[in-house]
Amino acid sequence: MRISATTTKTWRSRALATALELSAALALTACATPPVVPSKAQAVAPQLSPASDAAGAGMVEIRSLVWDISLDIRYAGHDNFVGRPVKGYEAAGCYLHERVAQALARVERSLRPQGLMLRIYDCYRPVRAVQDFVVWAGDLDDQSSKPQYYPNLDKRDLLGDYISPTSGHSRGATVDLSLLELREDRFEPMDMGTPFDFFDETAHTASPNVSARQRSNRELLRSAMRREGFENYPLEWWHYTYKPEPTPRTAFDFPVR
């Protein structure tokens, strides 16, 4: 969720106007180094599907393929940058387009023999949740999460490359995740250099401001995901989109249950 520190003030203003305009349009229908890094904002709002549940959207819950995968769905609780459950998250589930879920299951199976496993932070994200983020980003009076999530950015700078009015998550093709490693008899988080959803240049996948071990851990994740068709978003080490996307012009808004 998403503006790099090098983006100009003029572009930020344009991004804010575009974000609010696209968010409103979606509501009416129902939700690597700059400058070469692509923005998460889309020029054209995707079509909103009438699907009312995962089956209608062609999605499956990842635990139907990997029953013991580690889920830490942050937006279903209070441990996230808005500090509360996000609209559309009625449960801590991970839904993905079936083809994407199958690819992610293959990633998980490839990691287990290495004493590694995935930890999932977010999968499908309803359009209403994306809109909730945009509204939060526009509330400049709420700075409660700044020390933890964006200490080096003005909140105005979050809207654009960090918080976008449209999201691949809403198309069921994007996943936020990290790695766990087996230590003695339990799996523990690997050190990636920053927490999930830390809006800062140190969270850029190729950031020079993290240790060699942290870069190596990020590359381990990137390599495992890339082998199964997932492409990393360079401003966030945790963010991956399956390519080609199964439904690139369609967004969904059924609740996560």
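The values are calculated or read from the model by the stated rules, or taken from the named source; none is laboratory data. In this text, all values refer to a predicted model and were calculated from it rather than measured experimentally. All Cβ positions, glycine included, derive from the backbone under ideal geometry; neighbour counts span all protein chains shown. Note: areas computed on protein heavy atoms with side chains; ligands, DNA, RNA excluded. Shrake-Rupley method; radii C 1.70, N 1.55, O 1.52, S 1.80 Å.
Data for the structure
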| read-out | value |
| --- | --- |
| Anchor residue 87: aspartates and glutamates whose Cα lies under 15 Å away (excluding residues fewer than 8 positions away in-chain) | 79, 122, 132, 253 |
| Segment 138-184 - Debye-derived log10 I(q)/I(0), Cα point model, q = 0.28, 0.31 Å⁻¹ | -1.05, -1.12 |
| Segment 139-253, accessible area per residue, ligands and nucleic acids excluded (1.4 Å, Å²) | 42 Å² |
| Rg(Cα) / (2.2 N^0.38 Å) computed for segment 61-167, rounded to two decimals | 1.22 |
| Per DSSP, loop trypsin sites (Lys or Arg not before Pro) in segment 125-234 with at most 13 further Cβ within 10 Å | 227 |
| Interatomic Cα distance distribution for segment 93-141, bins of 10 angstrom, percent | 22, 35, 23, 17, 4 |
| Accessible carbon and sulfur surface of segment 152-257 relative to its total accessible area, %, 1.4 Å | 46 percent |
| Angstrom value of the Kirkwood radius, inverse mean 1/r, which spans all Cα pairs in segment 157-242 | 13.7 Å |
